[in-house]
Amino acid sequence: MVTGGPREAEGGSQVAEQSVEPVLLALSTYRRSSELARNTVALAKREGRPLLVAFVIDENVDRYLPYTDVVSAEHLETLTRGRNEFLAECKRAAEECIAEVAGIARAEGVACQTVVVSGRFGIEIQKIIDERKPAKVTLTRSRRPAWVLQLFGSPVDYVVEHAPCPVLVDYALEETQRGEARAPREWYKALFSFRKSTEGVRGGVVLLAAIFFLAMSLTPPPRGLVELVSEDNPVGYSLRTGTTTITENVNAILGTKLDATQVAQKAKIMVAILCAAALLWATEAIPLGATDLLVGALLYLFYVLPLDAISKAYMKDAVFFIFGVLALAAGAAKTGLDRRIGLLFLRRVKGLKSFCFVFLPLLAVSAGFLSEHALVAILVPVLLRVYRGICDAHGVRADRPLAVLLILGVCFAANQGGPGSPAAGGRNAIMVGYLKDYGLPISFAEWVMYAMPFVVVVSFCVGAYMYFALRRRMTIPRPDFSAYVRKEAETLPRWSAREIAMALIVLMVVTLWVTASKRFGLGGPCMFAVVLMLVTNVVSWKDVQTKVRFDVVGLYAAACAMGVGLKVTGASLWLARNTVGMLPESLAQGSSLVVATSAFTGTLTNFMSDGATVAAIGPVVLSMASVSGIHLWRLGLACSFSSSFANILIIGTPNNAIAYAAGTDPETGERLITLRDFLVLGLPVTLIALAVLWGWALFGYWSWLPWP
């Protein structure tokens, strides 16, 4: 939010011609220095350039105050007053700082302009650089602790990386010190640094992943894994015809003659690939696309799968589905259809409370019957437009907590709606098949009876958590959705030919998903829709190339390939069995086994696809039902329900990947959703979902429902 537009310093000389590129002095609440100001003025005078002073009031400066942790209603007035007073003080300090710099420039006869903005230092300074195109930029670091810079990076490094002009960091230092500061780091220092380099690499994280992978690949496999791959007809593993052990099955697939130890070693390598890739994805230690390709390269290098099988694993139906829905979202956004559909969904939403406590539960219930991925793909772009409109209406440049609540609220609500019915996802269909194989089939209506009350309660709890966790951080505490929706509805243009074509394509895709997904899958209709969009000129191929995040598509492709490798080698079955085997006897019987199983499934589904998770551990836990004396449906439903709790990592479900890929400001292109947001907010949401599953379902209304 611009709080003070560019202006000429009072009493200063006339601003230089616009053709003369200025020297930009970048200051902020935590990044300012009198010596830096004097040296920058001298630099501008020496080069005959005007001076542009930009001061950024850090948007999260008030989060570090003790009173911001107060959330009780009786302290709300004090909280708001204290926050406003503190921000006003920060603004006064910023005005005093730039006035001091303007005075120095006036004394030296240097033309000076100043601007005060509120936001994140790196992003705001980069926007000013893009707009004003300075010849040089001077700034200083905030002197944050080294461990903070190692883990979270530096906004100053962000400016250095993206600015098209020279950036003089710590220009207030002596010349010799300044030369050392600008000198590139030695290769061995970069190798051990956890800070992201200008090339976008965190050497320390890459080194940790490499050491872990080498240790896993060079050490012998554990005895239990060797015994598993030698076991006859292991429960939970699908064998080819003519094979009786995992070892024989792997040899049949690879065309090799490996012994049990060698096959077990491949399974252990798959576990290493899973852990290393999850670490690289979570930290973005290397670009996402590089990790996507690394998974396939390791699968081929260690011959976990044949090359054709790796290619097939990368090109699964779910991957085409992810690409297709992202392309559909791009088409809907270009034609304005997303805006029309979103306004229809949001017409009854008046404020933040109705969004969190009414809209999100209704969305979760809908996700139990419709494609949850399609709902997320349609609603996220619309909510981004709502977010942008609310910010513009309040004169706010950005309100990231509001954007996080809108986008992740929809994503998490759709995730929790997954248990609603067998039609909600492949994981539920897999469990229905397992229950039938075990001689106790469950009907569609019976599933809904046991599942839908859980969906309603858990989605309400998730909405409440998102509301109370993010509301107090927002710059706009009481956004008025209804006013924006009404205003937007009045300005809707008449249906255009392209918008009608896009609507018919979307309707066709949804119809095929609901009625013919067994025949065409989810990806087939999406690919057909993309072709239709190109043929009818709804979008161009350039639009597809620029609007679709192919690195996110590749991420999900790599995750599918890992799932195949884990399943073929028996690594997923080994992980499941060992986790269940580590449980104490008290947790391996009765309802305690349901608690333990759901907790394990809810954890594992964040690293694997939900379908692969249920497919791997479903038979294992169901086989324990008769031994533990618990009804088969209880264990099966709990396992399937908790496989929907993939809220922590974006590789866990397409919903997360879609929300992450689309989560950018529609005007500025600024990224609003980060991988850290999924971790920080997704973990509590997962714990809430597990608590509701145990307290409300398992020990609650399930106790009064009939169990055949």
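The values are calculated or read from the model by the stated rules, or taken from the named source; none is laboratory data. Note that the structure is predicted; figures quoted are calculated from it, not measured. Using ideal geometry, Cβ is built from the backbone for each residue, glycine included, and neighbour counts are taken over all protein chains shown.
Scan the stretch 282-293 and report the pairs whose first residue is of a type in the set (Asp, Glu) and whose second residue is in a helix (DSSP H, G or I), with Cβ atoms within less than 6 Å and a gap of 6+ or a chain change. Partner pairs satisfying both residue conditions: ASP292/GLY554; ASP292/LEU555; ASP292/ALA558.
Can you tell me which residue within the stretch 336-345, out of those that are in contact with a helix residue (DSSP H, G or I) (Cβ under 7 Å, 6 or more places away or on another chain) and assigned to a helix (DSSP H, G or I), is modelled with the highest pLDDT? Among those residues, the one meeting the criterion is LEU337. When the stretch 686-708 is examined, which residues are found to be in contact with a Pro (Cβ under 9 Å, 6 or more places away or on another chain), small (Gly, Ala, Ser) and either surrounded by fewer than 14 Cβ atoms within 10 Å (Cβ to Cβ) or assigned to a helix (DSSP H, G or I) (or both)? Result: ALA697, single match.
Within the stretch 244-285, the set of residues being of a type in the set (Asp, Glu) and not in a helix (DSSP H, G or I) comprises ASP259, GLU284. Residues that are surrounded by fewer than 24 Cβ atoms within 10 Å (Cβ to Cβ), modelled with pLDDT of 90 or more and in contact with a Lys or Arg (Cβ under 9 Å, 6 or more places away or on another chain) are absent from the stretch 454-465 altogether.
Residues in the stretch 435-450 that are at pLDDT below 70 and in a helix (DSSP H, G or I): ASP437 alone. Taking the stated definitions as given, is LEU683 over 23 Å from PHE323 (Cα atoms), touching a Gly at 6+ places or on another chain (Cβ under 8 Å), in the same structural domain as LEU470 (by TED's automatic domain parsing) and part of a helix (DSSP H, G or I)? Spelling it out, it is not the case that LEU683 is over 23 Å from PHE323 (Cα atoms), touching a Gly at 6+ places or on another chain (Cβ under 8 Å), in the same structural domain as LEU470 (by TED's automatic domain parsing) and part of a helix (DSSP H, G or I).
Note on the stretch 520-558: among residues that are out of contact with any Gly (no Cβ under 9 Å at 6 or more places or on another chain) and assigned to a loop (DSSP other than H, G, I, E, B), the one that is surrounded by the fewest Cβ atoms within 10 Å (Cβ to Cβ) is ASN537. Against the conditions (1) without any contact (Cβ under 8 Å) to a residue 40 or more places away in the chain; (2) under 36 Å from the mean Cα position of the chain (by Cα); (3) under 17 Å from LEU299 (Cβ atoms), GLN265 satisfies every one except (1). Looking across GLU77, GLU89, GLU21, GLU85, one residue alone is surrounded by fewer than 22 Cβ atoms within 10 Å (Cβ to Cβ), assigned to a helix (DSSP H, G or I) and either modelled with pLDDT of 75 or more or aliphatic (A, V, I, L, M) (or both). It is GLU89.
So for the stretch 489-500 (the condition being surrounded by 19 or more Cβ atoms within 10 Å (Cβ to Cβ) and either at pLDDT 85 or above or of a type in the set (Asp, Glu) (or both)), does at least one residue qualify? Yes, there is a match, as at least one residue in the stretch 489-500 is surrounded by 19 or more Cβ atoms within 10 Å (Cβ to Cβ) and either at pLDDT 85 or above or of a type in the set (Asp, Glu) (or both).
Among the residues of the stretch 222-230, is any within 30 Å of TRP281 (Cβ to Cβ) and in a loop (DSSP other than H, G, I, E, B)? Looking through the stretch 222-230, at least one residue is within 30 Å of TRP281 (Cβ to Cβ) and in a loop (DSSP other than H, G, I, E, B). Considering only residues in the stretch 372-423 that are at negative phi and not in a helix (DSSP H, G or I), the one that is surrounded by the most Cβ atoms within 10 Å (Cβ to Cβ) turns out to be GLY417. Checked against (1) touching a residue at least 60 places away in the same chain (Cβ under 8 Å); (2) outside any strand (DSSP E or B), LEU52 passes all but condition (2). Among the residues of the stretch 346-356, is there at least one that is assigned to a loop (DSSP other than H, G, I, E, B), within 23 Å of the chain's Cα centre (by Cα) and under 30 Å from SER540 (Cα atoms)? The answer is no, given that none of the residues of the stretch 346-356 is assigned to a loop (DSSP other than H, G, I, E, B), within 23 Å of the chain's Cα centre (by Cα) and under 30 Å from SER540 (Cα atoms).
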